[in-house]
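Scroll down for the structure; my scribbles are underneath it.
The values are calculated or read from the model by the stated rules, or taken from the named source; none is laboratory data. Quick caveat: nothing in here was measured; it's all calculated off a predicted structure. Cβ atoms come from the backbone with ideal geometry, glycine included; neighbour counts cover every protein chain shown. Just so you know, the surface numbers come from the protein's heavy atoms only, side chains and all, with ligands and any DNA or RNA stripped out. Shrake-Rupley method; radii C 1.70, N 1.55, O 1.52, S 1.80 Å.
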Amino acid sequence: MDTVTPVQYGSVLSVAIAILVLTGIAVGVMTLAGLRMRLDYLGAITRAIVQLTLVAIVIAWIFANPEGTILYFAVMLVAATATSVRRVGCGWRNALLVGGPIALAATVAVAPVVVTGALPLSTQAVVPFAAQVIGGAMTAVSLTGSYALATARKEWPLVEGWLAIGATPRQAGRDIARESAQRSLTPGFDQTRSAGLVVLPGAFVGMLLGGATPAEAAQIQLLVLASLAVAAVVAAAGTGWSLAPWIGGVDRTDTEHRAN
């Protein structure tokens with residue numbers, strides 16, 4: 001089989017120049033169109049530069065020191081949990097209600113890929129793969145919790161009705177949590193359906209840029225999509241189950257306060 005010549009990337013200076021040109025175009029278009037989001041854009045791109053630079057340094061250290069992988073994953077899970085706690089508004093005392101599903105989903109989604117040998121058991125392969133799965137699980141948890149809170153606020157009389165007839169908080173919040181979990185899965189499933197047809201997914205493009213063959217890139221992308229889908233399902237279902245008592249146990253004033 002023919003080998004693919006590795007791509008030769010530009011220098012740091014050329015990348016910096018390209019980013020400056022792209023930023024100038026974005027700011028210019030927003031100025032001409034009267035879009036008042038120039039500071040938002042500049043803040044977002046600046047934050048991305050800082051964060052990706054730091055992540056690159058950390059990942060390089062992890063590759064050189066594989067024993068730090070567990071610590072890295074622990075930090076990622078804490079950061080993902082903190083993000084979901086903030087987005088859901090459940091408070092740190094309920095952090096395990098969102099952190100647990102994230103950790104469970106990541107484990108369930110990554111383990112089969114590694115155990116079957118579909119992905120090499122190496123730091124260079126597992127770290128970026130698992131990190132992407134953790135991010136997907138966090139998104140599913142955040143969406144499920146946010147939808148559940150918004151729905152509970154909107155349909156609070158229904159929750160009160162369940163409680164009034166003697167239902168437990170879990171029973172009162174169960175249907176809302178289940179529907180919210182289902183709703184949170186739609187964006188991810190749509191992304192999976194459109195992969196390769198509407199957009200070229202990130203892993204596929206990254207593999208091609210790294211010199212992999214199209215077949216190899218497609219193989220890894222399929223693993224990523226399948227794992228992300230499983231992580232989303234487990235995370236959404238787990239969050240729906242864990243948050244049901246909380247949804248059914250908060251009062252309307254509390255839900256309005258948290259939603260705001």
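Given LEU97, LEU104, which one is modelled with pLDDT of 95 or more, in a helix (DSSP H, G or I) and open to solvent by 40 Å² or more (accessible area, probe 1.4 Å)?
From the options LEU97, LEU104, the qualifying one is LEU104.
Name the single residue that is least open to solvent (accessible area, probe 1.4 Å) among those in the stretch 153-170 being among the β-branched types (Val, Ile, Thr) and under 12 Å from PRO245 (Cα atoms).
Among those residues, the one meeting the criterion is VAL159.
Being surrounded by 10 or more Cβ atoms within 10 Å (Cβ to Cβ) and within 30 Å of LEU149 (Cα to Cα), is that true of even one residue in the stretch 21-40?
Checked against the condition, which is being surrounded by 10 or more Cβ atoms within 10 Å (Cβ to Cβ) and within 30 Å of LEU149 (Cα to Cα), the stretch 21-40 yields at least one hit.
For TYR72, are the conditions met, namely being out of contact with any Phe, Trp or Tyr (no Cβ under 6 Å at 6 or more places or on another chain), of a type in the set (Phe, Trp, Tyr) and loosely packed, with under 11 Cβ neighbours inside 10 Å? Show your work before the answer.
On the way: out of contact with any Phe, Trp or Tyr (no Cβ under 6 Å at 6 or more places or on another chain): yes; of a type in the set (Phe, Trp, Tyr): yes; loosely packed, with under 11 Cβ neighbours inside 10 Å: no.
In short, no.
Any residue in the stretch 77-89 that's more than 17 Å from ALA231 (Cα to Cα): show its pairings with residues that are open to solvent by less than 50 Å² (accessible area, probe 1.4 Å) and among the β-branched types (Val, Ile, Thr) at Cβ separation under 7 Å, as long as the two are six or more apart or on different chains.
If the second residue must be open to solvent by less than 50 Å² (accessible area, probe 1.4 Å) and among the β-branched types (Val, Ile, Thr), the pairs left are VAL85/VAL98; VAL88/VAL98.
Need the failing condition index for LEU200 against (1) farther than 24 Å from ALA106 by Cβ; (2) surrounded by fewer than 21 Cβ atoms within 10 Å (Cβ to Cβ); (3) modelled with pLDDT of 80 or more; (4) of a type outside the set (Ser, Thr, Tyr), just the number.
Result: LEU200 fails condition (3) only.
Give me the residue from the stretch 105-121 that is of a type in the set (Gly, Ala, Ser) and in contact (Cβ under 8 Å) with a residue 40 or more places away in the chain and, out of that set, farthest from LEU71 (Cα to Cα). Break it down into steps so the answer makes sense when it comes.
From the stretch 105-121, those of a type in the set (Gly, Ala, Ser) are 105-106, 109, 111, 117-118; that's our starting set.
Adding the requirement that they be in contact (Cβ under 8 Å) with a residue 40 or more places away in the chain leaves 105-106, 109, 118.
Working: ALA105: 18, ALA106: 15, ALA109: 19, ALA118: 24 Å.
My answer is ALA118.
Given the criterion at pLDDT 80 or above, open to solvent by less than 40 Å² (accessible area, probe 1.4 Å), of a type outside the set (A, V, I, L, M, F, W, C) and in contact with a Ser or Thr (Cβ under 9 Å, 6 or more places away or on another chain), identify the matching residue among SER180, SER242, SER227. First the steps, then the outcome.
Values: SER242 fails: in contact with a Ser or Thr (Cβ under 9 Å, 6 or more places away or on another chain); SER227 fails: in contact with a Ser or Thr (Cβ under 9 Å, 6 or more places away or on another chain).
On inspection, the qualifying residue turns out to be SER180.
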